[in-house]
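These notes concern the structure reproduced below.
FYI, it's all coordinate maths here, none of it is from the lab. These numbers were taken from a predicted model, which means no experiment stands behind them. Note that each Cβ is placed from the backbone with ideal geometry, even for glycine, and that neighbours are counted across all protein chains shown.
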């Protein structure tokens, strides 16, 4: 078959360790993005001009910046100019949290704004306070609308963590490249098999997530 | 529907006697009173010095052409819109503007055209939410009362359903229960059947009629003229932000002003070449 | 943000964008790959001196992890290669542990400038531009141009190229060299290495020139093709690099390189790591530098 090299030495184990790094960066970033993103989304819906400008600027800044630039800024830039010595993984988590919080903030904003005005009106005439209205009526509805796009955001984050290799983080794609390079001469088809394996690993993580997203979406429109 | 349903049912003790005069029931403290209420949207004056009072147990129906300010008047009354002049009184206390407290809000109930149930909660949770978190009733008490209310509108078996699984007419009945659960001193209904399929209009209006028979004080905006005629103790016609005519149910058969006559004619149909 | 001056922020950001720009050029090969890299080295004297490294017990070395035979990871997960052989020897003589950092061509300079690594040993070609940002040790390898052609019409000298077409990759040393030194040679230029090799394979060009390390390894894998010229043009040297001004560490590495000549260390490393790739036909002295002496 030409793929037997995958079973040699520590290859499988190394791929799984690399996958572990990928997942660790992704999950920690997502976990940190949630509180920041929700806070940002709620602040977004406040009718405060100054706040809007600042948040909008932040969101657009994060959006126009390639993640790779952000990784370089946080990893190399902060070390040379500020003397902050983050490890590759910590720098990656910072960048993906900055990105995740911005995108999630926008999703939270959209979800909150999608709740019809009449839901606020109904709560108002029943005598609910603003806080009660938000916590009991608006937020639960926003969350269920928020979940499908958020799950998609998580899969985007998982896939984008492969960029972390460019600041020296040995995550799953980097391990794959090392394997391809090592078997370059003995297994000319090695690259194909390795990439297929990487694709499978990503699929195993992202497919259940996108199914979950679909299911949540279906549940919402029911 | 020419006979008034209410006339055939004896009024209970809190119900007002059927009023024939155009004035608010004399000698009684009005529950709800609007004094010189003015509302502007930009350069447009939507309500121009409205004076209106609703007595205990009285059912007042607001009619008028689209855009005459009926819905705005209800929204100003409950405080969903800030008024630009005048005041709103509940039991003689000013509740408009800054004077309106959270508790004041819950003393008036309002049901909207599009029902607007909370889709994230079951039917019964929609009904018990405000009594528990605003009034501090226990879950148990609130549920018992909610069940009684739902039974009254024929929806006892749908208590645990999601609103989205209910028909429009059923949802509107739940919305009425949700408002009633707060035991409001006055209930405001804003075109509650306008979004419903015709076959569901009747089931909702029947519920409202029963509430009137039980003596609930109501201020109703509707385009259902036969329903209005059946339920109204008093009819108030609004046009271009002014009250143009006020009177008893005879408004529908014997309007006094040309404006009211013209308005009522829009509900009649005649084929040319035939005697009407 | 309030604790960071605006100037610092602009610098922080600007420098990183510059670093990025260098990344975009990494694919072009040649020595210009990180020409645009940062100019922020002088800012922080945050490097670790020789004593500090010894004290800490761990030296951090940046090596390639997927560029055999110079730096790669074997099937057991261990770092190997010609650069790694030398790195391991340094670790032994320092008496410390090692932390490997997987680098890429474009981030070798930033890694040193940000003091994220102590030493870079990653097939690092010495250039004037880079020497402004990092300090290079004595060389331990050299690279020249090589020319590969089919055995049926082997090109053994530049004279053999008369009337023939030579394939080069745009932006490489080979392109500049032939344009300046041998303007009569007809060049066929490609953007990608893969395209250039394909052009040679299907006969669109008669010979292909780039770094001799490249063509030697390729010829070994492609029977019927031979490197007829294995050392042409200027010698580029390959050396270890440390942060600008880290004289104690640089002195240690230079002393090592000089001392290791006695045991023919780099020839041994060549036999172990490069010979299997380049084959026995290549004279190790075209590539290996012993004792830092060219």
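List of remarks:
- Every residue from the range C:107-130 that is over 22 Å from residue C:255 (Cα atoms) and crowded, with 24+ Cβ neighbours inside 10 Å: C:107, C:108, C:109, C:110, C:111, C:113, C:114, C:116
- Which listed residue is buried (at least 19 other Cβ atoms within 10 Å of the Cβ), in a helix (DSSP H, G or I) and without any contact (Cβ under 8 Å) to a residue 24 or more places away in the chain, from A:108, A:90, A:137: A:137
- Residue A:97 meets each of the listed conditions (1) more than 10 Å from chain C (Cβ to nearest Cβ); (2) buried (at least 24 other Cβ atoms within 10 Å of the Cβ) apart from (2).
- Taking each residue of the range C:208-231 that is within 14 Å of chain A (Cβ to nearest Cβ) and looking for partners that are assigned to a strand (DSSP E or B) and crowded, with 24+ Cβ neighbours inside 10 Å with beta-carbon atoms closer than 7 Å, six or more apart or interchain, yields C:216/C:146; C:216/C:227; C:218/C:148; C:219/C:148; C:219/C:227.
- Filter pass, residue A:74 being assigned to a helix (DSSP H, G or I), crowded, with 24+ Cβ neighbours inside 10 Å, out of contact with any strand residue (DSSP E or B) (no Cβ under 7 Å at 6 or more places or on another chain) and at negative phi: no
- Looking across C:67, C:133, one residue alone is in contact with a helix residue (DSSP H, G or I) (Cβ under 9 Å, 6 or more places away or on another chain), within 14 Å of chain A (Cβ to nearest Cβ), under 18 Å from residue C:247 (Cβ atoms) and surrounded by fewer than 23 Cβ atoms within 10 Å (Cβ to Cβ). It is C:133.
- Within the range A:118-134, considering residues that are surrounded by 18 or more Cβ atoms within 10 Å (Cβ to Cβ) and part of a loop (DSSP other than H, G, I, E, B), the one farthest from the other protein chains (Cβ to nearest Cβ): A:128
- Selection count where residues are more than 13 Å from the chain's Cα centre (by Cα), in contact (Cβ under 8 Å) with a residue 60 or more places away in the chain and away from chain C (no Cβ under 14 Å), scope the range A:4-35: 1
- Subset of the range B:177-197 (residues that are surrounded by fewer than 17 Cβ atoms within 10 Å (Cβ to Cβ) and in a helix (DSSP H, G or I)): none
- Qualifying residue in the range B:252-259 (condition: part of a helix (DSSP H, G or I) and more than 20 Å from the chain's Cα centre (by Cα)): yes
- For residue B:174, the conditions (1) assigned to a helix (DSSP H, G or I); (2) facing chain A (nearest Cβ under 10 Å) all hold with the exception of (2).
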